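Data block below; observations after.
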Amino acid sequence: MLMNAPAILQEILLALKDLYRKGENHLIYINKMPLSPEDRNLILDTLGDGKVRITYSSGGHTIEWRETGISGVWIGVFLGRDGKPLLETIEITDFPKIAASQKEDIEESIKVLEVRLKSIL
């Protein structure tokens, strides 16, 4: 029985328009909603599969994103240490923000590269 899929797909459409027009990102926590298996299948079938997959691992946790067949719409799965999903999201964004290089990581990388360059110069 379909209950929430049409409303979620409409929310995705509106958020995609906001991303295009205003550059605004949107996040939907799909595992926090009452979705029937039919809802889930309709959402995934409607969005389709894209070409990009990203895996981020840190401290025993893994996050996997896959771009759907709708550019700007990403499915994210946050896995626990046991490999079971802790959180599932749909992100309407140009690129998942957590997967992007963080400013403090870039700052640390500058220091590391400076040290490495000093050792070869």
(request) Those residues that are within 26 Å of residue 12 (Cβ to Cβ), in a loop (DSSP other than H, G, I, E, B) and not polar (S, T, N, Q), I need them from segment 82-114; list them, please. (result) 84, 94, 95, 96, 100
(message) Quick check on segment 102-113. Is at least one of its residues closer than 30 Å to residue 22 by Cβ and either touching a Gly at 6+ places or on another chain (Cβ under 9 Å) or touching a residue at least 12 places away in the same chain (Cβ under 8 Å) (or both)?
(response) no
(request) May I ask you to list the residues in segment 24-34 that are modelled with pLDDT under 90 and surrounded by 13 or more Cβ atoms within 10 Å (Cβ to Cβ)? (result) 31, 33
(request) Give the residues of segment 1-17 that are touching a residue at least 12 places away in the same chain (Cβ under 8 Å) and under 11 Å from residue 92 (Cβ atoms), sorted by residue number. (result) 11, 12, 15, 16
(message) Can you confirm whether residue 118 is of a type in the set (D, E, K, R) and within 26 Å of residue 14 (Cβ to Cβ)?
(response) no
(message) Considering only segment 55-73, I want to know if a residue exists there that is modelled with pLDDT of 95 or more, out of contact with any Gly (no Cβ under 7 Å at 6 or more places or on another chain), surrounded by 19 or more Cβ atoms within 10 Å (Cβ to Cβ) and not β-branched (Val, Ile, Thr).
(response) yes
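Taking residue 11 as the residue in question, decide whether it is of a type outside the set (Ser, Thr, Tyr), modelled with pLDDT under 95 and part of a helix (DSSP H, G or I).
Numbers: of a type outside the set (Ser, Thr, Tyr): yes; modelled with pLDDT under 95: no; part of a helix (DSSP H, G or I): yes.
For residue 11, the condition - of a type outside the set (Ser, Thr, Tyr), modelled with pLDDT under 95 and part of a helix (DSSP H, G or I) - is not met.
The values are calculated or read from the model by the stated rules, or taken from the named source; none is laboratory data. Remember, it's a predicted structure, so these values are computed and weren't measured experimentally. Every residue, glycine among them, receives a Cβ derived from its backbone with ideal geometry; neighbour counts consider all protein chains shown.
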